[in-house]
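Chemist: First the structure, then my questions, so here it is.
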Amino acid sequence: MLQDSRGSPAAALPAFGAAKPLIGIEMYSVRQEMAKDIFTPVRTVARMGYQCVEFYGPYIGWSLDQVKEMRKLLDDLNLKCPSTHNGLNNLLPENIQKSIEWNRTLGSKYIVAASAGKVEPTVDGWKKVAEVLAKADEVARKAGCAVGFHNHQIEWRPVEGQKPLEVIAMNTPKSVVLQLDVGTCVETGNDPVAWIRANPGRLQSIHCKEWSKEKGYRVLFGEGDSPWKGIFKAAEEVGGVEAYLIEQEGHELPPYEAVEKCLANFRKVYGA
């Protein structure tokens with residue numbers, strides 16, 4: 001039987017989507033605090049009422065002992081870690097095993113590519129990104145994890161008549177998660193609800209990043225132009241959502257105050 005890095009059976013890895021989606025935070029939202037100490041921000045967001053966290057890029061540089069300490073802290077706080085953000089290089093054959101080990105130790109199911117990095121601006125260039133994702137997902141699935149891809153603005157802008165995100169969706173197995181960044185979708189004039197409904201079962205994770213015509217990304221959740229009610233309805237009817245992750249790019253409020261208000265706003269909009 002497969003074992004995770006703490007000696008637990010792989011089958012014991014959490015099934016996050018069994019009930020109501022979790023309300024979580026992408027820890028990049030408090031990156032200034034994470035740069036000082038990786039543990040205090042986790043305790044702080046747990047006290048606010050967040051149910052899960054997603055760690056971003058630098059987590060892969062933690063020692064295995066730090067990863068194990070973080071998992072113990074998560075367990076003590078009753079927090080989940082459904083996913084992590086990764087450079088695409090973390091999914092390459094020479095790096096995927098470490099990424100799997102770090103994620104399994106954290107209890108994370110989804111190893112998400114945070115961006116594609118530098119890509120040849122052609123359909124074939126984006127097909128190469130899809131190939132990396134598909135190959136990594138095949139390896140990750142054998143270990144009880146899965147691979148995902150997080151969009152930015154570039155994936156919504158057509159190349160040779162096709163949107164790169166559509167190229168990725170069409171050229172990866174349905175097991176590859178399409179982690180929707182709502183803010184960039186709305187900013188580029190695309191419809192997040194339509195995208196969710198066009199890709200049933202592939203939206204296990206959604207970044208609840210807000211955007212407004214007046215303030216761009218420097219706006220708190222629920223105070224911008226995103227159609228959240230429709231997003232929630234589609235995500236839960238067909239998307240397969242397991243976690244909504246607040247992401248705050250920046251705001252005039254201090255980071256902790258901003259993400260605490262985002263959570264309060266989320267609960268009002270969602271009805272949680």
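Chemist: Which helices (runs of 4 or more DSSP H) does segment 46-146 wholly contain that include 1 or more residues that are in contact (Cβ under 8 Å) with a residue 40 or more places away in the chain and within 30 Å of LYS36 (Cβ to Cβ)?
Modeler: 64-77, 96-106
Chemist: Just a yes or no: is a residue in segment 208-229 among the hydrophobic types (A, V, I, L, M, F, W, C), closer than 24 Å to PRO164 by Cα and in contact with a strand residue (DSSP E or B) (Cβ under 6 Å, 6 or more places away or on another chain)?
Modeler: yes
Chemist: For TRP195, are the conditions met, namely being closer than 30 Å to GLU138 by Cβ, among the aromatic types (Phe, Trp, Tyr) and modelled with pLDDT of 95 or more?
Modeler: yes
Chemist: So ILE246 passes all but one of these: (1) within 20 Å of the chain's Cα centre (by Cα); (2) modelled with pLDDT of 95 or more; (3) surrounded by fewer than 23 Cβ atoms within 10 Å (Cβ to Cβ); (4) not hydroxyl-bearing (Ser, Thr, Tyr). Which condition number does it fail?
Modeler: Failing condition for ILE246: (3).
Chemist: Right, next: Which residue out of VAL177, VAL182, VAL259, VAL193 is β-branched (Val, Ile, Thr) and surrounded by fewer than 24 Cβ atoms within 10 Å (Cβ to Cβ)?
Modeler: Exactly one residue qualifies, and that residue is VAL193.
Chemist: Being surrounded by fewer than 19 Cβ atoms within 10 Å (Cβ to Cβ) and on the phi < 0 side of the Ramachandran plot is the filter; apply it to segment 144-158 and report the residue that is farthest from the chain's Cα centre (by Cα).
Modeler: Only one residue fits best here, namely PRO158.
The values are calculated or read from the model by the stated rules, or taken from the named source; none is laboratory data. Because the structure is predicted, anything quoted here is derived from the model rather than measured. Every residue, glycine as well, gets a Cβ built from its backbone with ideal geometry; the counts of neighbours run over all protein chains shown.
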